[in-house]
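Reviewing the structure listed below.
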């Protein structure tokens, strides 16, 4: 019965009972949960704002949504701290921490019949507490193939810092390309490791950085790219520019001195750091669990049924569900 209450729709909504739609729009669901700010988890938010009674997220996620110019009216905004439950029409909803981008939450719903339905959202380990023995667990399995592991993860911050320092030594500027949230976490890592070069960002990356700085993330001064200070820093060739991608491809700094572009991606699985060319580098830097971490989570959770998100994972999700059934003896399906 619990399995019938949890499903993933063709539009990417994760339903934990018909009352609670997570990370996608579902008509008729009075509660819409947003686990974090990435676009594939904010699907149909404007439709949910129009029809749902409440938009549920951590306070930080709500603030980041506003910085990214999503519109959630105060009357529908419900800030829910980790570990605090809210009850609505017979169901109880609480959020648990997830180590992904700042503000990310797992979702746990206790249905009216007492069954527990949960969703991990995107996560990595260490730092994500395991939801133990839910009746149904919906999981992200972005890296659901056996070979998709990153054994160097514990050293990756140091590897990234070394790469940035090497690039800065060329005095031609550094462009770091990644997703929102990951970019700002990297700002924090670089400052913690003593990188003092000016940080420069386009408007939305800058706005997210300001929100996170107000919540204690150490980003240092971040310069908006259109300001005089930012333009001077880029002309001088000693700066780190943070972008989600489009602006990086245009290049920054003097045209005769192309900056070193460092792409942060979890899809580099052969080695932690690689130079494609003199000015194009890749660092294997991910905020997703790899195959082993995802499988370890499922084994520790021991759900009655595992549902793997195939809307975002496709054939990888179907493969991972088969692996779980075969190796762990846990019933597992991929949806939709």
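The values are calculated or read from the model by the stated rules, or taken from the named source; none is laboratory data. Since we're looking at a predicted model, the values are computed, not measured. All Cβ positions, glycine included, derive from the backbone under ideal geometry; neighbour counts span all protein chains shown.
Things worth noting here:
- Filter pass, residue 127 being surrounded by fewer than 15 Cβ atoms within 10 Å (Cβ to Cβ) and either in the same structural domain as residue 213 (by TED's automatic domain parsing) or over 28 Å from residue 281 (Cβ atoms) (or both): no
- Checked against (1) surrounded by fewer than 17 Cβ atoms within 10 Å (Cβ to Cβ); (2) within 21 Å of the chain's Cα centre (by Cα); (3) more than 27 Å from residue 289 (Cβ to Cβ), residue 169 passes all but a single condition, namely (2).
- Unique match (being in a strand (DSSP E or B), within 23 Å of residue 204 (Cβ to Cβ) and modelled with pLDDT of 95 or more) among 37, 55: 55
To keep it simple, each residue is scored yes or no on (1) without any contact (Cβ under 8 Å) to a residue 24 or more places away in the chain; (2) out of contact with any helix residue (DSSP H, G or I) (no Cβ under 8 Å at 6 or more places or on another chain); (3) within 26 Å of residue 111 (Cβ to Cβ).
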{"site": "30", "(1), (2), (3)": "no, yes, yes"}
{"site": "37", "(1), (2), (3)": "no, no, no"}
{"site": "42", "(1), (2), (3)": "no, no, yes"}
{"site": "48", "(1), (2), (3)": "no, yes, yes"}
{"site": "54", "(1), (2), (3)": "no, yes, yes"}
{"site": "57", "(1), (2), (3)": "no, no, yes"}
{"site": "63", "(1), (2), (3)": "no, no, no"}
{"site": "70", "(1), (2), (3)": "no, no, no"}
{"site": "74", "(1), (2), (3)": "yes, yes, no"}
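- Scanning the stretch 112-124 for residues that are modelled with pLDDT of 95 or more and touching a helix residue (DSSP H, G or I) at 6+ places or on another chain (Cβ under 9 Å) yields a count of 9.
- Filter result for the condition that a residue is within 20 Å of residue 182 (Cβ to Cβ) and not assigned by TED's automatic domain parsing to the domain that holds residue 321, over 122, 140, 157: 157
- Checked against the criteria, residue 62 does not count as in the same structural domain as residue 90 (by TED's automatic domain parsing), part of a loop (DSSP other than H, G, I, E, B) and under 15 Å from the mean Cα position of the chain (by Cα).
Every residue, every condition in (1) modelled with pLDDT of 95 or more; (2) loosely packed, with under 14 Cβ neighbours inside 10 Å; (3) in contact with a strand residue (DSSP E or B) (Cβ under 8 Å, 6 or more places away or on another chain), yes or no:
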{"residue": "242", "(1), (2), (3)": "yes, no, yes"}
{"residue": "275", "(1), (2), (3)": "yes, yes, yes"}
{"residue": "283", "(1), (2), (3)": "yes, no, yes"}
{"residue": "293", "(1), (2), (3)": "yes, no, no"}
{"residue": "317", "(1), (2), (3)": "yes, no, yes"}
{"residue": "332", "(1), (2), (3)": "yes, no, yes"}
